[in-house]
Amino acid sequence: MALPILDRSVCGLSIKTGSLIIGYLSLAHAILSIIQVVSYTVVFAEYPQYFENFTSSDTPEFDDPSVREKRMQLAMSVVISIIVACVIFAVANLIIDILFVVGIHKKRPNFMLPWIVLSGVGCVLVLSFLGLGAVGLVITFVQALISGTAATFFSFLAVMILYTMLSVISIYCFIIVYSYYRTTKDQISASRSMQYSKM
C-alpha cells in the first residue's frame, strides 16, 4: 500500500513550508528535551540525599550500613543509566532534527530520511497503541456495564479521544513530510536523468 502524496499542507501552504514548520517544531522539541534532561540531572544530583533520608527513616532493614550502601549504589547506577540513555536519545534526536531542517532547506532527501524512518516507526507504534487502547476501551465499557459505574469508562474515553486526535495530527504531519521527501527525490531523479540524456 502506497502512502498518499499531498500537493499542499494545512491551510493551503506548500508541502515545503509545512515540512519546514514541522521541522522547526521538532527542533524546538529536541532543544526542550535536552533542557529537560539537564534539569533531571540536576534533580537526580540530589537523589542520594533523598535516598539516604528515605532508607534511614522508613525501613529498619536498611540500618545495616553495608546493605544501605549496596542499595544506594544500585539505585545510583540505575539513575545514572537512565540519565545517560536520555542524554544519548536527546542528542541523537537533536542531530536528526537538524539534519531534517537542513535537508529541507537544501533539498537533500538523504538528510530527511532518518527523520522520516523514525517518524514512520513512531506512526506504526501510535497506531498499535491506538488499537490496544480500543481494546481497553471495550473492556472498560463491559466492566462499566457489569459494575454500574461509568466514571472510569468516561475518563478512559476522554483519554482515547485526545490520543486519537494527537495520533491523527502526527500521522498527517508524517504524510506532509513524506510528500515533500518523495517530491524532492523525484525532482532530483528527473533532473539527473535529463542531464544524462543530454550527454
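Values for this structure:
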| quantity | calculated |
| --- | --- |
| Segment 27-48 residues that are in the same structural domain as ILE82 (by TED's automatic domain parsing), paired with ones that are surrounded by 15 or more Cβ atoms within 10 Å (Cβ to Cβ) and of a type outside the set (A, V, I, L, M) (beta carbon under 6 Å, 6 or more apart) | LEU27/ASP97; ALA30/ASN93; ALA30/ASP97; VAL37/CYS86 |
| Tally of residues being of a type in the set (D, E, K, R) and touching a residue at least 12 places away in the same chain (Cβ under 8 Å) across segment 155-199 | 2 |
| Pair list, Cβ < 7 Å and 6+ apart or interchain, from segment 132-154 residues that are aliphatic (A, V, I, L, M) to residues that are in a helix (DSSP H, G or I) and surrounded by 14 or more Cβ atoms within 10 Å (Cβ to Cβ) | LEU137/PHE156; LEU137/LEU157; LEU137/MET160; ALA144/PHE153; ALA150/ALA144 |
| Residue list for segment 1-27, filter: assigned to a helix (DSSP H, G or I) and either over 19 Å from TYR180 (Cβ atoms) or among the basic types (Lys, Arg) (or both) | LYS16 |
| Residue in segment 177-195 that is over 21 Å from ARG8 (Cα atoms), assigned to a helix (DSSP H, G or I) and under 25 Å from the mean Cα position of the chain (by Cα) present | no |
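The values are calculated or read from the model by the stated rules, or taken from the named source; none is laboratory data. Being a predicted model, the structure only gives us computed values, none of them experimental. Positions of Cβ are generated from backbone atoms using ideal geometry, with glycine treated the same way; all protein chains shown enter the neighbour counts.
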